[in-house]
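Peer 1: Dumping the structure here so I can ask a few things about it.
The values are calculated or read from the model by the stated rules, or taken from the named source; none is laboratory data. Keep in mind that this is a model prediction, so the values were computed, not measured. Reconstructed Cβ throughout: ideal geometry from the backbone, glycine too, with neighbour counts over all protein chains shown.
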Amino acid sequence: MSERDVRRIEVLSEVVSGRRTIATAAAVLAVTPRHVHRLLRRLQSGGAAVLAHKARGRPSNNRIAVGTRDDALALVRDKYADFGPTLAWEMLTQQHGLKVSRETLRMWMVEAGMWLSRKQRRNFHQPRLRRESLGELVQIDGSEHRWFEDRANPCTLLVFIDDATGRLMQLRFVESESTTSYFEALRGYLQAHGRPLAFYSDKHTVFRVSRAEAQGGQGMTQFGRALAELNIEILCANSSQAKGRVERVNRTLQDRLVKELRLAGIATLDAGNAFLPGFIERFNAHFAVTPARAGDLHRPLNLPPDRLRDILCHHERRHVSQQLTVAYDRQLFVLPRNDVTERIAGQYVEVYHYADGRLDLRWKGLSLPYVVFDKEQRVSQAATVENKRLGAALAFIKAQRDDERPPPRVKTNSEAGGYRPRPPRPPRRAGLLNPAQP
């Protein structure tokens, strides 16, 4: 007998002995008084054994056939191995006519080890200790938000925060997260603090090449290439919890910074960037902590301005054709013929694309002069060649095509909504140049 049955016998025995009323027994057993009378009659007629449910130990009348479970799991294992229970149930119902509930299939998949419940799939992220020294690790991230509320469009705030101290090292308002915007923020960071040992970021395409089969770039992004030239390591987190320090400070900034910008009446990116240095100083005085180990691990930059400008720009390798041309950004650049350019035909040059739009073509560090090829100029030059009379021939062909083309149908304003043909074209002027004439 089950524990429930034993409890029923005890309560009913108290009713028989007069120690409990029918009403209190019904309340304790969570049944109606009428059912208590029914149980008392069973107890008096057949003893305690008749109180057990008569279907106990017998299979249910609505049970699913044993083979159905095996067939369903076999189909899921063979065809829908990476499907969740809901999608797998839809496929089995629509494609195979399976007549079981979604939760039944979920239970079968969990019992067979083909699906983990939400509780089993939960990941626990262990807390990570702070780095010990300033400049050892700097977390970077971009937070898109309505920083100026209704006074301006949403924009992105680039955040650089030191892991050891929680100090804001660099803030910058930009239109969006891009390589160029991160280059500008990195320039300000390096000039103010020097080179840290490592940056810690997410897997945004600015920091990490998503495709393993990507051509060129030596397996790294433009930002990663710049950090490699500066001897700064880049680490990419596998989850947002891993870089929780910068994520938490983003939420704090979305509260405190937004309100301070409102009080200051700031509504533009330039005014916001001018406001940020004072805010960083106040924020660090309130929230920064003392590092576990004293000292600053930032290294001096020791680079001339021109060299830093060349690092923090877009680099691309381009092939030099045998005609001494280089294609880049839907443009064609022509290299003048000289002793240097004749040697690099068929080789590769480096294209430096700066933030202000300037381009510089270099081969082994040597800057090459170039001329942008103008396609419009090429067409006008072809039209002035008189000995082949190319312009007249093209005009004659175009006129013939216009004559052969049927007139377009023009919609009338009549109620029937009919169409009437366009009036015929007036006759062409006499004396049209015929390319067949001498």
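Peer 1: Tally time: how many residues in segment 123-151 are of a type in the set (D, E, K, R) and either outside the structural domain of GLY265 (by TED's automatic domain parsing) or surrounded by 15 or more Cβ atoms within 10 Å (Cβ to Cβ) (or both)? Before the answer, list the steps.
Peer 2: Within segment 123-151, the first condition is being of a type in the set (D, E, K, R), and the residues that meet it are 128, 130-132, 136, 141, 144, 146, 149-151.
From what is left, the residues that are either outside the structural domain of GLY265 (by TED's automatic domain parsing) or surrounded by 15 or more Cβ atoms within 10 Å (Cβ to Cβ) (or both) are 128, 130-132, 136, 141.
Residues in segment 123-151 being of a type in the set (D, E, K, R) and either outside the structural domain of GLY265 (by TED's automatic domain parsing) or surrounded by 15 or more Cβ atoms within 10 Å (Cβ to Cβ) (or both): 6 in total.
Peer 1: For residues that are under 30 Å from ARG187 (Cβ atoms) and modelled with pLDDT of 90 or more, scanning just segment 332-355, find the one that is surrounded by the fewest Cβ atoms within 10 Å (Cβ to Cβ). Before you say what the answer is, go through the steps one by one.
Peer 2: Filtering segment 332-355 down to residues under 30 Å from ARG187 (Cβ atoms) leaves 333, 348-355.
Among the residues that remain, those that are also modelled with pLDDT of 90 or more are: 333, 348-354.
On the way: PHE333: 22, TYR348: 13, VAL349: 23, GLU350: 16, VAL351: 19, TYR352: 17, HIS353: 17, TYR354: 15.
Looking at residues that are under 30 Å from ARG187 (Cβ atoms) and modelled with pLDDT of 90 or more, I get TYR348.
Peer 1: OK, next. Would you please name the residue that is nearest to LEU40 (Cα to Cα), looking only at residues in segment 2-12 that are of a type outside the set (A, V, I, L, M) and free of Cβ contacts under 8 Å to residues at least 12 places away in the same chain?
Peer 2: Narrowing segment 2-12 to residues of a type outside the set (A, V, I, L, M): 2-5, 7-8, 10.
Pick out the ones that are also free of Cβ contacts under 8 Å to residues at least 12 places away in the same chain and you get 3-4, 10.
On the way: GLU3: 18, ARG4: 16, GLU10: 12 Å.
Here the residue is GLU10.
Peer 1: Take the residues in segment 120-158 that are among the acidic types (Asp, Glu) and in a strand (DSSP E or B); name whichever of them is nearest to SER201 (Cα to Cα). First the steps, then the outcome.
Peer 2: Taking segment 120-158 and keeping what is among the acidic types (Asp, Glu), we get 132, 136, 141, 144, 149-150.
Those still in the list that are in a strand (DSSP E or B) too: 141, 144.
On the way: ASP141: 6, GLU144: 16 Å.
Ranking the qualifying residues of segment 120-158, first place goes to ASP141.
Peer 1: Is it true that MET109 is part of a loop (DSSP other than H, G, I, E, B) and modelled with pLDDT of 85 or more? I'd like the intermediate steps shown before the answer.
Peer 2: On the way: part of a loop (DSSP other than H, G, I, E, B): no; modelled with pLDDT of 85 or more: yes.
Taking the combined requirement at face value, the residue does not satisfy it.
Peer 1: Also: Which condition number does ARG77 fail, the rest of (1) over 33 Å from the mean Cα position of the chain (by Cα); (2) in contact (Cβ under 8 Å) with a residue 24 or more places away in the chain being met?
Peer 2: Condition (1) is where ARG77 drops out.
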